[in-house]
1. Could you tell me which of the pairs Lys61/Lys106; Lys42/Lys114; Lys39/Lys110; Lys212/Lys287; Lys247/Lys287 are separated by over 22 angstrom between their Cα atoms in the structure shown?
2. Kyte-Doolittle cut-off -0.5, length cut-off 24 Å along the helix's own axis using Cα: show which whole DSSP H helices in the chain pass.
3. What FRET efficiency comes out for Trp177 versus Glu91 if R0 is 30 angstrom and r is the Cβ-Cβ distance? Round to the nearest 0.05.
4. Quick one: the Cα spread of the chain along its three principal axes, in angstroms, biggest first?
5. Whose amide H sits under 5 Å from the amide H of Lys61, counting only residues 5 or more places off or on another chain, with H placed in the peptide plane?
6. Taking a label point 7 Å from the Cα of Lys281 along the Cα→Cβ vector, which residues of segment 191-225 have an amide N closer than 16 Å to it?
7. Could you order the peptides 13-20, 213-220, 146-153 from most to least packed, using the average number of other C-beta atoms within 10 Å per residue?
8. When ranked by the protection proxy of mean other Cβ atoms within 10 Å per residue, highest first, what sequence do the peptides 126-135, 166-175 form?
Amino acid sequence: MAENSSYDKITADGDTILVIGPDEARLCVQSCLLQAASKVFKAMFGPHYKEGQRSGLNGSKKEIPLPEDDVGAMTIICAVIHYRNDILPGELSSSEVLQISVVADKYDCKVALKHATHHWLDHRNVVSLKEQMELMTAAYLLDQAQAFSEITYAMMMEHAGSYLPFAQDQIDFGVPWELFYLLEAKRGSIHQQLGDILSVKYQYEDCPCGFKSKSAYGYLGILSAGGFLPSLYLDRLDGETAINRIKRAEQMGPPSEVEDCTGCDNYRWHRPAYSRESMLKNLQELKDGKGLCLHCISGGSRVYSEKPCSIEH
Ligand SMILES: [Zn+2]
Ligand SMILES: [Zn+2]
């Protein structure tokens, strides 16, 4: 029988041939390694699985037909399981990572792929919302909580538009629809936190000399110049990402100096209304925030879920 070029890509001396996809691509593998990595393969190669007993077409090698699976994804998964790091591609597209996660979920071999998938789920390699959504769904299917949190945070920080155009595709892969509601709600909360960081802090009574009022007025001047005052801000809210607003806030210059009030008896207690240092610190904390908790989403309510949370929140 003619064999395609991928046949002995993984191993030439395996005991099993996977016949994958509608085009019946053939891949020679070691059944013991697949059984160790996947409970599904373990059952499939067991004595009671009739497809596992089809043999004799290629010497003593068993043939396992897997007509519904993606040949590219299965080849990469088999390469990892067979320690063939030499044939793994350096980079994978987000849709390839998603295909791998679908097959890994189906065959329950996420643990065996954990370190390889950790590298593929790095969201810094992608920028479009569609690609980030694909990586998010892959992280969900692979149960990679850290990557899931980081990817969902990037989606909230880097996009201002609706998540809905790509939502149905992810729901079809098994992601719960509530996730898109949570993404929207948490993105609103990030903008709210940014508003709080930039707000004028006026919690103490002003000094009789009016230092606090003058200082606050100076700060309002740079907020106005930066486009952060309410009237200007409402115009810009549509379509501006959280990360862009943060960058603009970081670039705001210092407010005009308040006239030195050393003549005031209470000048030692004068505190400016704006501290660039603490604002930058708070903005950095906001940038370093966490995204959605995978275990809360996949395990239902955090009150009733047995699973501990995957991130602190
Ligand atoms: Zn004073
Ligand atoms: Zn949680």
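Taken together, the values in this text are just the output of simple stated rules run on the coordinates, not laboratory data. Computed from a prediction, not measured in an experiment: that's the story for all the values here. Cβ coordinates were reconstructed from backbone atoms using ideal geometry, including for glycine residues, and neighbour counts include every protein chain displayed.
1. Violating the 22 Å limit, Cα to Cα: Lys61/Lys106; Lys212/Lys287.
2. Flagged H segments are 178-198.
3. Taking R0 as 30 Å, the efficiency between Trp177 and Glu91 is 0.45.
4. Each principal axis gives a Cα extent; for the chain these are 100, 40, 33 Å.
5. Under 5 Å from the amide H of Lys61: Gly56.
6. Correct set: 197-198, 201.
7. Descending mean neighbour count gives 146-153, 13-20, 213-220.
8. 126-135, 166-175
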